[in-house]
Every structure is written in structure tokens, then in C-alpha cells.
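Since the structure comes first, as C-alpha cells, the remarks are kept for the end.
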Amino acid sequence: MAERPAAARVDRRAFIRMLGAAGVAVGLAGTATLAGPMAGVAFAAEEGRTRAPHQPYLHGYNAAGLKSWTPDGDPYAKYFRSRVPLATRIAPFTATQAKPALASKAQVMNMSYDYDNAFFTAYRYNDQFARRLMRFWQYSDLYSSWHGMPVWGSSTSDPEHGLINLPNPAYTDAAHRNGVKSLAGWFWPRNGAFSAYLEQRPDGSFIVADKLIEMADYFGFDGYFINQEASVSQADATQLMAFLKYLRAKAPARFHLQWYDTITTGGQLQYQNQFNDVNAAWVQHDGRPVNHSVFVNYAWNASRVASSVATAKRLGMAAHDVVYLGTENEKYGFNPPYDPRLVFPEGGDAQTSWALFGTHMAWANNPDREDPDKQQNTFVRERRYWSGPNEDPTRTGRTEYVPWTDNGRPNDPDNHRKWDGVAHYIAERSVIGAFPFVTRFNTGHGRAFFLDGVQRSDREWNNAGSQDLLPTWQWWTASGGSGAPLSVDYDHTTAYDGGCSLLISGTLGPANPTTVRLFKTQLRVGGGESARLVFRTDRPGQQSGLELGLVFQDAPADFVWLPAGKTAASGWTTAGLPLTAYAGRTIAAIAVRVSADAAASYRLNLGELALLPAGTPAAPARPSRFTVDQVHPNAAGNGAEVFLSWDFAAQGVWYYDIWRQRADGTPEPLGRVCDGVYYVKSLTRQGSEAGSTLSLVAVAPDGTRSAPATARVDWA
């Protein structure tokens, strides 16, 4: 969590160009054969970043590693499990969409590298704020990384990269909370013979396929993105087809296998740039299912889109289920050459589903991405990518158009005015379908950590797995008068719980009462439920001007407003709002509104929004068997890496908080995770204390905390 010097970073596009200059094959997907003396360049540079000596990190798997894989034999495996179940999304309700005319048929694959600024390595959580996290899960259905990682024990100067890389479990946690499936990456070519992965037992079963299912079950992800981006022999291609049929037949129902538009059934690398009989065979072959869908390579056009739809129809397949036409944002930024309007004609239905490659460009192409004081540009770029050039999902669509030309380099890739925004084509999704629903607007990283509205740590941190459900619309605001609405953003300087709060600020008066639509929901009120707002303003002891707005399914054009009342004399205010009067009705959307009688500067931080079931909440049980497993002191003896474990509760717990009890009795946050293990990168010794007492608290889905379990780190 402590700030550290900026470390060496490899620009991936420059790296790919370097590979090409060295004679390494680079495909249309921007991937490369990482073999020979160039293979270790990026990995070696990244290893120069600050890593504690025992810090767990993800690695890749080759044929031998896959065949022999067991959780106990895999270094750090237990620290990279996602234990968050895949949430169920609520049914579409067009009346509360930002764009009611959008249909919900098209699905989105979001392919992006894992955060923490690592291309070939990844940590679950770390000690820097200036890191890339996903804050727009509501527009994705599948998530995958693709890059590959060095196998365990390979040279850092010339590593062997595995065929399989796991998804970062912190991202899987966040994806699952939002109803998004998380896929592991498969990339060939790699070192060794491909046939080694296709070995069968005498009974016809495939050793590696069985291990892929076992690993997905253990690590908690939902399938594989298969990028077979190099020619193989006819024999290997035939065997691969049998392998995938076997994998599909044995995989759990939740699985999704997506094929990248690469080789033919004869084994030749041959991008089709459309869905046709060649790559359709990798979805269904000789009457048997193979993969669930195809990520179509990028060089499609109007005729290829039409042909793709026609092929799916002729083969009895639903185009939205099997065809994902690819858009390349990593290379081309906001101005990709193959216009999404060919897939999503204005005024018409989506032709197919959509695959987005390189959504991380909003962060990676920001020249100030490493500076914690200059992250606002990243956040703005991210909103422009997902919500459109106006950073508003109700006002999407490009504001500038110049025909795309390819003269050997991208045409204006950083000009966001040439990008419509994903929300221009994709209807927002939500998982908020039952009480309780609680959010503290925690984005999953911070420059400090707050508990109960008090800053308890001043260390930077990132952990995508601790991200709350974030607003469905970023940002959908409206003024109730002639003035402009106030601005909305995340505030990383003030929080109630976690690393940030929602900030509404500006000059507020009679001319601009401001409504901020926050969440799409499907919450049936039975009687006895309540809402809770935790907030603070710059007007202590006065009327807050804050109201909670409810939109009901039976009257979607109207708001019901519930006033939050006066603010506390100091600090944070908690307002409880009963919902019993609305029994029998279904809440379809949630908003807040701020207003004032006289124009003046206004600032409101919303720290928590909760919708709670009837009855008195029961605290979770105190965690059991909280244990300090390992302590690795530093050379000076004033700090240590610490490995912790406890009995994980599969139900009734939202997450666990790990604290250190300071000498004055106040908590120092060390971490937050939905798991039964945790690695503390840096526990600082307080003076010459003989030992440090650590506390573990289970937090229920409604925010109620358990009694703490304690363990002790003995500095002796």
C-alpha cells in the first residue's frame, strides 16, 4: 500500500513493433510468437518493478504443468481463487434504460489485460493507486485477458510462456458481482510441440481438457478464450477438434468457450474476417458442439457482416449467440477502421454480438497513467469510451466524423469525438434484483482507506476484488430548471468505507436542482424494507437538500422523492428511509436529487446507499481458525510480509476485513477479500513492540460486521 518509485514499463505496441523487426510473427490480433532471445524482454523489464520477495503472482502453464496440475502442487494457487459466485442479471426493462430503443440481444466480449500495469505478470492486489481497473461492467457479458504468462520456474531473462493463463481473480470477483463471465486465456504458439497438449488416455479422455475443467472449478472462473494463432499439422488440428468437443461435453453449464478466428480445420492460419463455413466448424462439427462462439477477426465490412448473419441463420444458429465481430481499440484507440455502425445500424437491430479488444487503451494510452496525481484524465477517457464523447449514456454518438484512412498508422486514435461510446449500442445491465443492496461507491483502489467515515490508513492500494457495485449510468444527470446540472464524480479524498465516495458538486440554486440517476434495479417491496443514505455536506447542521428518488415499474416516468433531512452537526449523516408504504410495488431505478433555495457553492459526498430487507440484521458468525501461517521479516526487522488464513464462509459473507489493532485501539486496515487467505505485503512494526495483534471481521451483504477474530504476529 505504500507509494513507491515509478518503475520500468514496456509499451506493448512498441514491443510488438520490436518483435516484428526481429522477424517474429505478429498476427492481426496484435499477438506475437514469444520465442527465442526476444521472449524475455517485457518480462525482464517488469520484474524490475517493486515486488516483495515472497509476494504471490500469477504464472502460466505448459503441457507438463497442466497434466500434473494439483492445487497443492501449484505455487501460490490458493491465493488466486475467486470465491464470488456469478450473479444473475435482472430482466431487461427498456423504460428505465438510458436509451429505451436499444434492444438487449447483442452480447459483449471485453478482452483486456489485467490491471497492476503488468503484461506478463499479475498480482491480485497491490500497493499503488495509479492502476487500471474496470468501472463499466454493466456493458460486458464476457471478460478475458489474452496475453499469456511465464511458466513457473522459467528464466526471467528468457522465460517460457505457457499456453494457458488464468484470469486475475480480483477481476473475476468484480466481474462475477456484475453478472459477467470471466475466461482464462489460451494462446498458441508457445515453446514445445502442440501435440503434447492433445494426449489422450486409453479410454479416449483428454488429460489436459480434464485439467482445464478442474482448474476452472478451483480458481473460480467460467471458461476459456482460445487463440490458436499459428498453423499446426492436419493431425494436430483434427485432434484439437476432438479435444474441444470433449471439453465442451464435460464442461459445467456455466462454461463459455470462445474461439478466435484463426486456423482452419486443416490447421492453416487463415483469418476469415467473417463468420462462414470455415470457422463455423469450430462451433459445430459433424453435428456435435465445439465452442460456444467465435471472436471474428477485425477486417470485416458490410458484405461480411451480412454474410455472417446469413451463415448463422443457414446453419440454424442464433447470430447473437455465436458471432462476435471484433473491434480493435488497443491499436486504433477511439477511431477503429471497421465501423461499429455496420454491426449496429441506426434504427435497426444489432446484427451480431460484439467483441472489444483493448478496452484498457483508455488507461494505457494516457501519458500520465503512472502519476497518482493525474489519474483524472484516465477516468475521463474511460467514460468517453463507455458512455460516449459527452460522458453521458443518454447523449452518446460521435461528434466528429472523418472517413478512416490507413496510411500505415492509425488515424487520430486519441480523438474521442470519433467514437460513439459502447452505450450508444449496448443497453446497460444490472444484477440488483433482491434485498439487501449496499454500495459505498468503492472503485477498488484508493489513496487512503476509510472505515466508518474516518481515514484509518494513508497508504495507496488497489484491489479490483473489493470493488462495490458501481452506478449503472456514469453519468446520467438532469437539471430541473434552466441552469446546468451539478457535476458528478468519484472522490478519492473522502470516503465512508473503502477508497472513495460519490461527489456531487458545483453551484446549486433554484435554477438547477440536479437529479443523478444511479442504479437500475428490480426490487420487489414486500413491506418492512428500508433505505439508508450515509452522506456529508459542506453545510453541517442545515437542511441537506438531498432526496432519494425511486422509480417504480408500474410508473416508470415518475419519481417518488424521499427527503434525507438535516445534516449532522459534524461528520457523516445517516438517514433511514422506510419503504413500507410501497409494498407490492417493484423499484425499477434509484436516483438522488439535490436542491437549494439560494444559489451557492454546494458539495455533497454520498458515502453509502443501502436498500435493506425487513427485520433486524443478524451479524455474521465470528470467523474461525484465524491463523498467521508465515511471517517474513525484512532485513531491518521493522516490517514483514505476512500470510494469513481462516475458515471461509461460502454463504452469508460479503467480504472479510483484515485490520491491525494499533496501540491506541484504533484499526489500521490491511486488506479486504472474499476468500479464506490473505497476503499482507507490508506490516510495519510499531516502535519496538513485541507483537502485533491482527483482527479479522466478516461483513454480511447488508454491511453488518461480525465480532473480530484475532491472531498475533510475534516480532521476535
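Values for this structure:
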quantity	calculated
Segment 196-242 - Rg and Dmax from Cα coordinates, angstrom	12.2, 34
Neighbour-limited loop hits for chymotrypsin sites (Phe, Trp or Tyr not before Pro), segment 364-448 (at most 16 other Cβ within 10 Å; DSSP other than H, G, I, E, B)	TYR401, TRP404
Euclidean distance between Cα centres, segment 305-383 to segment 680-706, Å	42
Cross-link partners of LYS313 among aspartates and glutamates (Cα-Cα below 17 Å; sequence separation of 8 or more within a chain)	ASP277, ASP321, ASP349
Loop-located trypsin sites (Lys or Arg not before Pro) in segment 568-610, at most 13 other Cβ atoms within 10 Å (DSSP)	none
222 nm mean residue ellipticity, helices alone, for the chain (DSSP H n ≥ 4; -39,500 (n - 2.57); rounded to 500)	-4000 deg cm²/dmol
Carbon plus sulfur fraction of accessible area for segment 259-302, probe 1.4 Å, in percent	44
Accessible-area composition of segment 394-455, carbon plus sulfur, in percent [1.4 Å probe]	46
For segment 647-694: accessible area per residue (Å², 1.4 Å)	37
Segment 561-716 - Rg (one decimal) and Dmax (whole number), Cα, Å	21.0, 64
Inverse mean reciprocal Cα-Cα distance (Kirkwood Rh) of segment 268-404, Å	16.7
Fraction of antiparallel bridges per DSSP, the chain only, in percent to nearest 5	75
Relative contact order computed over the chain (Cα-Cα under 8 Å; 6+ residues apart), in percent	11
For percent of Cα pairs over 40 Å apart, calculated from these coordinates, the label among (i) 48; (ii) 37; (iii) 32	(iii)
Among the listed pairs LYS67/LYS250; LYS67/LYS181; LYS418/LYS520; LYS99/LYS181; LYS78/LYS681, those beyond 19 Å (Cα-Cα)	LYS67/LYS181; LYS418/LYS520; LYS99/LYS181
Added length on full extension, which subtracts the Cα-Cα distance from 0.36 nm per residue, ARG705 to ALA621	29.3 nm
Gain upon complete extension [LYS105, SER155; 0.36 nm per residue less C-alpha separation]	13.4 nm
Three-way shape call for segment 357-435 based on the alpha-carbon gyration tensor, with the a/c threshold at 1.5	oblate
Long-range Cα-Cα pairs in segment 116-205 (distance over 21 Å), rounded percent	46
By average C-beta atoms within 10 angstrom, highest first, the peptides 125-131, 630-636, 498-504	498-504, 125-131, 630-636
Percent antiparallel among DSSP beta bridges (both partners in segment 246-346, rounded to 5)	35
Of all accessible heavy-atom area on segment 127-236, the percent that carbon and sulfur account for (1.4 Å)	50
Per residue solvent-accessible surface (Å²) - segment 366-511, probe of 1.4 Å	34
Binned Cα-Cα distance frequencies in segment 115-266 - 5 Å width, integer %	2, 8, 16, 21, 20, 15, 10, 5, 2, 0, 0
Cα shape, segment 507-631, gyration tensor, a/c 1.5 rule	oblate
Solvent-accessible area per residue, Å², over segment 97-244 with all protein chains present [probe radius 1.4 Å]	23
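The values are calculated or read from the model by the stated rules, or taken from the named source; none is laboratory data. Keep in mind that what you see is a predicted model, and the values were worked out from it rather than measured. In this analysis, Cβ positions are derived from the backbone assuming ideal geometry, glycine residues included, and neighbour counts consider all displayed protein chains. Surface accessibility is based on the protein's heavy atoms, side chains included, excluding ligands, DNA and RNA. Shrake-Rupley method; radii C 1.70, N 1.55, O 1.52, S 1.80 Å.
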